[in-house]
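The values are calculated or read from the model by the stated rules, or taken from the named source; none is laboratory data. Bear in mind the structure is a predicted one, so any value in this text is a computation, not a measurement. All Cβ positions, even for glycine, are placed from backbone atoms using ideal geometry, and neighbour counts span all protein chains on display. Protein only, heavy atoms only, side chains kept; ligands, DNA and RNA dropped before computing areas. Shrake-Rupley method; radii C 1.70, N 1.55, O 1.52, S 1.80 Å.
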Amino acid sequence: MTETIIKIDLSQSPYENDKIHNRWHPDIPMVEMVEPGDDFIVECYDWTGGQIKNDDSAEDVRDVDLSQVHFLSGPIGVKGAEPGDLLVVDILDIGAFDSSQWGFNGFFSKNNGGGFLTEHFPEAQKSIWDFNGMFTKSRHVPGVEFAGLIHPGLIGCLPSKELLNEWNTREKALYDTDPNRVPELATLPQADTAHLGRMNGEARNMAAAEGARTVPPREHGGNCDIKDLSRGSKVYFPVYVNGGGLSVGDLHFSQGDGEITFCGAIEMAGWIHMRVNLIKDGMSKYGIKNPIFKPSPITPKYDDYLIFEGISVDEAGEQHYLDVHIAYRQACLNAIEYLTKFGYSKAQAYAILGTAPVQGHISGVVDIPNACATLWLPTDIFEFDVQPNTNGPNKAVDGSIDIPLAPDL
Ligand code: ZN
């Protein structure tokens, strides 16, 4: 039987579990050592460490302490791994706990986290998604059900000291260009809520002061939030420290491309079954700076889409130059507007784009001055026909249910 090498207790604070950490630092001690070829199971908190509850109030999303995130399980050492190697990780399976068959999706308050469409959705909102085997639906978003493309939002190896310093230097420089911005331009180290696993004493305090936050994706992978890095994928991670130091967390039952709602996908606690191998000196052999991966042989089969186009002209009509971020935002806003014609609130439509297996594509980046991005909305996730026809939209959703909203602080 496969061994569970990291166990968690959902009734216990992640700060009390010394196989959990929430910062990146090269000196965090390995919690277990495994051999190349080994497979093992790791249990994970949801990314907030249990701050969000299965209820009908969004006040927990509004008041969430984001300096605590993300709670990661690890680091796991692989015998023989050295800087310059590639750590090959097969994601064999992922699941929710029997006792916790649900997940959450939310929008952060603009004043505490924000998000991709925070100017349009400035207040905290939360929807709960129940799991039924491989499918999910929400009591807050009627008329939609889909199969989960289950994946870890966050996975990667520990950085070296040099790489950590590079991260801190470049992110601080960006932050300093507008230090009063809300939300901030980058998340800097924050010692008071750092959890460094088994570290203690002065070494721990030094690591807490400089440990990188887990928020952005970086060269090592980290918080990439790639929906297709799902169970069945094979990932090749750069190794920067002896033993590699593989950590994982932020499990998602499902997510649309872009994780546009930011809090986040369908976030869950659960377990992940992995197998590790090494390619010695693989970084230079293959010219690899950032991770590469092969997708799963099993994905939900949604092959009919309504595809929304967006261009790099913003909501005020201002022209931007080949800005893919703005183009994707316009594609998302166009999809939200369309879905409201079927009876959804804007918040429900936004939640669908954040959670369902929606695809986002960079379609054109050369036709000056407009970038073109597209949002691919799978039509078969709806319990009614969402395609345009000559009769006009059918108001399939009656509007009596909406996503709970917490007033802004
Ligand atoms: Zn997440």
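Tabulated data
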item	result
Inter-part distance where segment 380-404 and segment 38-72 are each reduced to a Cα centre, Å	32 Å
Extent along principal axes [Cα atoms of segment 262-368; Å; largest to smallest]	53, 38, 27
Rough spin-label spacing in nm, given labels placed 7 Å along Cα→Cβ, for Asn180 and Met33	5.3 nm
Ratio Rg/Rh, restricted to the chain and using Cα atoms, in which Rh is the Kirkwood radius	0.96
Most to least accessible of Met1, Met199, Met30 (protein chains only, probe 1.4 Å)	Met1, Met30, Met199
Sequence ranges 380-390, 109-119, 397-407, ranked by mean other-Cβ count within 10 angstrom, highest first	109-119, 397-407, 380-390
Solvent accessible area, Å² - Phe135, 1.4 Å probe, full protein context	90 Å²
Estimated 222 nm signal from helices in the chain, with DSSP H stretches of n ≥ 4 weighted -39500 (n - 2.57), rounded to 500	-4500 deg cm²/dmol
Cα gyration tensor category, rounded, prolate or oblate, for segment 208-252 with a/c compared to 1.5	oblate
Those aspartates and glutamates that a straight Cα-Cα span of less than 19 Å connects to Lys301, excepting residues fewer than 8 apart in one chain	Asp93, Glu145, Asp228, Asp257, Asp380, Glu383, Asp385
Label-point separation in nm, Met206 to Asp93, each point 7 Å along Cα→Cβ	4.4 nm
Pairs of Cα atoms farther than 17 Å apart, segment 305-381, %	42 percent
Peptide ranges 210-221, 238-249, 2-13 listed from the most packed, as the mean C-beta count within 10 angstrom indicates	238-249, 210-221, 2-13
Net charge over other residues, Cβ less than 9 angstrom from the Cβ of Asp281 (K, R count +1; D, E count -1)	0
Förster radius 22 Å - calculated FRET efficiency between Tyr305 and Thr390 (Cβ-Cβ, nearest 0.05)	0.60
For the chain, built as a Gaussian network whose Cα springs stay under 10 Å, the top-fluctuating residue of Leu229, Leu164, Leu196	Leu164
For peptides 368-378, 300-310, sequence by mean Cβ density within 10 Å, most packed first	368-378, 300-310
Point-charge dipole on Cβ atoms (K/R +1, D/E -1) for segment 150-260, about Cα centre, debye to 20	360 debye
Surface per residue (accessible, 1.4 Å probe) for the chain, Å²	41 Å²
23 Å Cα cut-off, lysine pairs counted over segment 40-149 (separation 8 or more, or different chains)	5
Net charge of neighbours whose Cβ lies under 14 Å from the Cβ of Tyr240, counting Lys and Arg as +1 and Asp and Glu as -1	-4
Of all accessible heavy-atom area on segment 209-320, the percent that carbon and sulfur account for (1.4 Å)	54 percent
